[in-house]
Amino acid sequence: MRRRLPVLCLGLCLSLAWAGAAGAAPEGPAGASPAEERADPPAILNLSPLFYRLSWPGRDFSETEAVGPVFLHYSGPGAGTSGWALRPLCSYSRTPGKRVFEFLYPLGNWQETENGRRWRFIPLFTGQSGAEAKAGAGTRHHLWPAYWGTTADGRGYGGLFPLYGTFLERFGRERITFALWPLYSHSEWEGHHQYSILWPIFQRVTGPRDHGWRLWPLWGDFESRGHMKRRYALWPIFIDEWRDLETDDPVHRRMVFPLVVRDQGPKRSRWIVLWPFFQTYRNGERDFTRWDAPWPFVTRAKGPTYDSWRFWPLFGRTRKPETTSVFVLWPIFSGEWTRDARTGGERREQRWLLLSHLVRDRKGDGTAGASFTRLWPFFTHRRAADGSREFYFPAILPTEEAGLHRVYGPFLKLYESREGPDGAGRSKALWGLYRHTWTRSWHRVAFSFLFNMEWSDDTGDRSWDLLGGLLGRRRREGRESFRLFYLSLPAGGGAPPR
């Protein structure tokens, strides 16, 4: 008998939970009539936090949770949306046009989009294929210290870094070959050749446009015909450089670092003393000037469409044609106001102590748009442009990175609530011990399988029960009944309501 007791207890719990699910008030799409709502109820099996199952065919949504926030599986709402998580080990999500799998986040990641696939497990391997490989159709694989891949036209390459290998169409070069790197490497691009020995000490470049050599840091001489010239000695102390030679405003830079930097061109000039603290810059063509005295504490910049004062960390203000930003006692407060001249929409954004973040959007017609509020570490509230909402506390995680919240966020939330644009939503506390499900006219509150309460604002129907019907009361369609030991008993005679 003692051996059978746990099995009997589990069976009793399942029976109680299923009885609560069977007695759940129906719920349907927002705006549906009471009859339509009763015709489309969610099926709920509630043993939270051990197990919870919700199936809502009318909303094309289902959800299963087990062991609090450890396991989750969901499908919908909407076609092509599903996912699961076994936290904190791994998670998978699928939305239209994208699939993501994460393992031991943030170390392992695999994702697929219309542009191709990419995957990684830090620090052992990474890989890319399709447009994700930035070659239109090539592939890339890294399994440290080995790597291999193909180019867009199917040519293969690979190697064992740093012993020996070849790269094709990588790092801005057509071909790179190395042996015992940094002892020796050779790269090719557009008819140019670059040879490096004991990189970065000795390097030689030859070609139709670029040529030069260096014995770093003692001496270097490099020229890209029609673009730039550079010579240095005891880098970075003595540098003489010509830049932007292909424009009508070439600049000659002379530097004795960090004492003096001098830039001089036909339209612009710059002096820097004791880099980076003291600077003056002028662009005559754009009528723009800037002074730093010293940076970053005192900065003044002014132009036809730009005006900025900064007395860091006390106060700063920058104005542009569509944007104004300020800070006061940084990092206590900073804010930015943006106006879209094309649509007339506005965005107001504020940060308090860097981690607390407020965003308010206003549409061109003056109506409210999306908003976001994070008062770290207390709560986060988000409202989308379509009217859907999300709220949770506490807000321990300092960023909104999706993978971080998908894997670790549920462990840190004592209460969370989501509501769709149609007014239907769900909330839970203490990892499902308390749950509230609602539409615009119907509500269901549950404390695991211990207590359930439902009511409808449209019809006046109400009910409550303990342990799925051990004791309860119900009023439906104007008739009342009691529940005692899972039996419905009419109040005042007659048949109990269905």
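The values are calculated or read from the model by the stated rules, or taken from the named source; none is laboratory data. These numbers were taken from a predicted model, which means no experiment stands behind them. Neighbour counts are summed over all protein chains in view; Cβ atoms, including those assigned to glycine, are modelled from backbone coordinates with ideal geometry.
The table for this structure:
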read-out	value
Qualifying positions in the range 171-197 - under 16 Å from Gly158 (Cβ atoms) and outside any strand (DSSP E or B)	Phe171, Trp181
Among (1) of a type outside the set (Gly, Ala, Ser); (2) touching a residue at least 12 places away in the same chain (Cβ under 8 Å); (3) within 30 Å of Phe257 (Cβ to Cβ) - the single one Arg204 does not satisfy	(2)
Unique residue being hydrophobic (A, V, I, L, M, F, W, C), modelled with pLDDT of 90 or more and surrounded by 15 or more Cβ atoms within 10 Å (Cβ to Cβ) when the list is Val100, Val67	Val100
Residue list for the range 415-452, restricted to those being assigned to a loop (DSSP other than H, G, I, E, B), more than 22 Å from Gly83 (Cα to Cα) and touching a helix residue (DSSP H, G or I) at 6+ places or on another chain (Cβ under 8 Å)	Thr439, Ser441, Ser448, Phe449
Residue pairs meeting the criteria (Cβ under 6 Å; at least 6 apart or on separate chains; first under 21 Å from His405 (Cβ atoms), in the range 103-122; second part of a strand (DSSP E or B) and of a type in the set (A, V, I, L, M))	Gln111/Val100
Some residue of the range 441-449 being farther than 27 Å from Phe51 by Cβ, at pLDDT below 90 and surrounded by fewer than 19 Cβ atoms within 10 Å (Cβ to Cβ)	no
Options Tyr232, Tyr184: the member that is surrounded by 15 or more Cβ atoms within 10 Å (Cβ to Cβ) and either among the basic types (Lys, Arg) or under 26 Å from Val251 (Cβ atoms) (or both)	Tyr232
Filter result (in contact (Cβ under 8 Å) with a residue 24 or more places away in the chain and aliphatic (A, V, I, L, M)) within the range 74-95	Ala85
Any hit, the range 353-368, residues being of a type in the set (Gly, Ala, Ser), assigned to a strand (DSSP E or B), over 20 Å from the mean Cα position of the chain (by Cα) and at pLDDT below 95	yes
Trp330 vs. criteria under 30 Å from Pro266 (Cβ atoms), free of Cβ contacts under 8 Å to residues at least 60 places away in the same chain and surrounded by 14 or more Cβ atoms within 10 Å (Cβ to Cβ)	no
Members of the range 242-265 that are within 41 Å of the chain's Cα centre (by Cα), assigned to a loop (DSSP other than H, G, I, E, B) and surrounded by 15 or more Cβ atoms within 10 Å (Cβ to Cβ)	Phe257
